1. Give A:Val113, A:Val70, A:Val58, A:Val124 a once-over and let me know the one that is within 14 Å of chain B (Cβ to nearest Cβ) and β-branched (Val, Ile, Thr).
2. Restricting to region B:46-64, name every residue that is more than 7 Å from chain A (Cβ to nearest Cβ) and either part of a helix (DSSP H, G or I) or under 17 Å from A:Leu22 (Cα atoms) (or both).
3. How do the pairs read when you match residues in region B:22-34 that are within 15 Å of B:Gly58 (Cβ to Cβ) with residues anywhere that are not acidic (Asp, Glu) and not in a helix (DSSP H, G or I), using Cβ under 8 Å and keeping only pairs 6 or more apart or on different chains?
4. Does B:Arg129 count as more than 13 Å from the chain's Cα centre (by Cα), surrounded by fewer than 17 Cβ atoms within 10 Å (Cβ to Cβ), farther than 25 Å from A:Ser29 by Cα and within 11 Å of chain A (Cβ to nearest Cβ)?
5. Looking at (1) exposed (fewer than 11 other Cβ atoms within 10 Å of the Cβ); (2) under 30 Å from B:Phe9 (Cα atoms); (3) at pLDDT 85 or above, which is the only condition A:Ala104 fails?
6. What pairs come up if the first residue lies in region A:5-16 and is within 13 Å of chain B (Cβ to nearest Cβ), the second is outside any loop (DSSP other than H, G, I, E, B) and of a type in the set (Phe, Trp, Tyr), and their beta carbons are under 9 Å apart, counting only those six or more places apart or on different chains?
7. So which residues in region B:108-117 are without any contact (Cβ under 8 Å) to a residue 24 or more places away in the chain and within 14 Å of another protein chain (Cβ to nearest Cβ), if there are any at all?
Amino acid sequence: MSIRRRIRDYRSTVILAVVVVLSLGSLASGARGGVIQRGIHTVVTVSSRPFLKGLKRVKDGIDYISGLIVVYDSQKREAEALRLRTAELMQQAAGRRELAGENARLRRMLDFVREEPRLTLEPVEVIENFKGILKIDRGSVHGIEPSMCVVTENGVVGLVTEVDRTTATVVTLHNVNCRIAAMIQRNRVRGSVHGSGSDLSFQCTMEYIDMKDEVWEGDEVVTSPESVFPSGYPVFPSGYPIGRVVTVDKTGSLWKAAYIEPAVDPYRLDEVLVVRRSVPSVNELQGNEKINEPPWIAGAQAPDNRLLQERYAP
Amino acid sequence: MKKHFYWAFVVIATALIQTTWLDAVRVQGVVPDLTLLLVVYFAITDGEERAMFTGVLGGMYQDVASDAVLGHYVLCNVVVGYGVGRMSRRLLSDHPAIKTALVLCAALVHGILYTAILYVQKPDISAIRTIGVSVIPGAFYTALVTPVALFLLSRVFQNRKAVQGEAA
């Protein structure tokens with residue numbers, strides 16, 4: 001058998017032997033960067049370059065798309081988190097606005113308390129408000145008694161009518177059952193103020209004004225010192241604002257009435273002050289209290305001492 | 001001739017993917033050996049000669065790409081290709097599980113041979129640890145992707161009958 005035929009018969013084995021010998025020779029020599037390897041490297045580099053570029057582009061594309069997905073996902077999560085954070089911050093901001101409003105109200109009340117040394121005031125919180133009747137969070141255990149006056153720094157609110165242990169009911173000027181002795185600040189004309197009794201009207205009425213007395217629209221109505229506690233102390237501090245005259249009704253025969261816009265809207269109250277004790281001022285006790293009035297109205301304030309015949313003479 | 005070019009293209013493309021994209025599916029430092037899979041595939045379908053040439057071409061590419069001394073992958077691939085090619089003649093079943101087991105054995109032999117060459121060159125490496133940590137998991141990983149890879153290769157070469165062992 002010739003060698004060529006033997007090689008053909010055992011071709012695969014011969015190929016194996018050749019490759020193994022060459023490989024072992026290469027491994028044994030440990031030659032890196034030889035001519036053969038450099039040549040193969042060049043061939044591989046050149047042939048694989050377009051593939052690698054294509055692969056790189058595909059990889060970049062995949063990275064770009066996956067990046068978009070990841071970015072979208074992260075952006076979505078971030079937007080969700082921001083939405084939650086925004087809602088939380090809005091809630092906090094609303095709470096802070098509420099606290100700021102409360103702080104401003106309390107500061108005004110504090111200033112009022114400081115400016116009114118003759119009043120012993122108890123700050124209370126309004127816990128219920130229905131049809132001009134307030135429920136406050138102080139009761140008999142806190143020393144609240146019926147007929148105590150309830151005010152704010154802006155004016156009269158109403159009267160305490162019922163007292164429980166820890167709560168009390170305040171009837172405001174919007175309710176028909178609340179009556180307060182009042183006077184026109186400009187000329188000291190007396191009358192009685194009470195609620196008009198309408199759910200749609202926030203006005204109250206000043207009644208029992210003498211027909212001859214001058215009452216003008218825009219006149220300030222304040223508390224008069226007539227109403228007193230059984231102990232002798234006034235229920236209301238005198239001269240305290242009730243409201244402003246809106247219209248005057250002269251249709252009566254003996255008395256006329258004035259419709260008053262109250263100084264305090266009872267439906268917008270969160271905190272009020274209960275007057276525990278009101279000490280009249282020294283000037284008031286001496287009867288020489290001077291009322292500050294604008295100069296343009298001073299002329300009209302002069303008491304009209306003429307007889308009726310003189311006043312209504314043609 | 002066209003078939004040979006096509007074969008060379010597939011081998012180089014596989015080696016290219018092996019050295020570039022397979023990092024994307026690396027699990028615990030282990031990647032499947034697609035070149036070895038190709039060697040086994042050609043050993044089953046075309047016999048040991050084609051498998052050995054596949055091993056030479058793919059192995060050279062891998063050696064050059066990994067900047068190693070020429071011969072590491074070439075030797076391992078050629079030995080495995082020859083062995084599987086000789087063994088595949090005696091395969092009585094064309095069940096995918098048998099082929100998967102064949103790939104598993106081939107991958108183990110390939111890995112052990114490769115580790116042995118490394119050990120001969122650098123005796124300070126822990127051959128047992130390398131086999132435990134890298135070779136065996138790698139062999140299982142390669143076996144895991146075998147059914148899919150063989151299916152794709154059969155579609156690429158339009159030679160299903162050979163893949164199923166009928167030609168052999």
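1. Working: A:Val113 fails: within 14 Å of chain B (Cβ to nearest Cβ); A:Val70 fails: within 14 Å of chain B (Cβ to nearest Cβ); A:Val124 fails: within 14 Å of chain B (Cβ to nearest Cβ).
Sole residue among the options that is within 14 Å of chain B (Cβ to nearest Cβ) and β-branched (Val, Ile, Thr): A:Val58.
2. To start, the set of residues in region B:46-64 that are more than 7 Å from chain A (Cβ to nearest Cβ) comprises B:46-47, B:50-51, B:53-55, B:57-59, B:62-63.
Correct list: B:Arg50, B:Ala51, B:Phe53, B:Thr54, B:Gly55, B:Leu57, B:Gly58, B:Gly59, B:Gln62, B:Asp63.
3. B:Leu22/B:Val31; B:Leu22/B:Pro32
4. Working: more than 13 Å from the chain's Cα centre (by Cα): yes; surrounded by fewer than 17 Cβ atoms within 10 Å (Cβ to Cβ): yes; farther than 25 Å from A:Ser29 by Cα: yes; within 11 Å of chain A (Cβ to nearest Cβ): no.
Against the criterion (more than 13 Å from the chain's Cα centre (by Cα), surrounded by fewer than 17 Cβ atoms within 10 Å (Cβ to Cβ), farther than 25 Å from A:Ser29 by Cα and within 11 Å of chain A (Cβ to nearest Cβ)), B:Arg129 does not qualify.
5. (2)
6. A:Ser12/B:Tyr82; A:Thr13/B:Tyr82; A:Ile15/B:Phe53; A:Ile15/B:Tyr82; A:Leu16/B:Tyr82
7. Taking region B:108-117 as the starting set, the residues that turn out to be without any contact (Cβ under 8 Å) to a residue 24 or more places away in the chain are B:112, B:115-116.
B:Thr115, B:Ala116, listed by residue number.
Listed here are the residues, each with its yes/no results for (1) surrounded by 16 or more Cβ atoms within 10 Å (Cβ to Cβ); (2) farther than 21 Å from B:Val135 by Cα; (3) not hydroxyl-bearing (Ser, Thr, Tyr).
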residue: B:Val11; (1), (2), (3): yes, yes, yes
residue: B:Val25; (1), (2), (3): no, no, yes
residue: B:Pro32; (1), (2), (3): yes, no, yes
residue: B:Ile44; (1), (2), (3): yes, yes, yes
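The values are calculated or read from the model by the stated rules, or taken from the named source; none is laboratory data. Source: prediction; values computed, not measured. In this analysis, Cβ positions are derived from the backbone assuming ideal geometry, glycine residues included, and neighbour counts consider all displayed protein chains.
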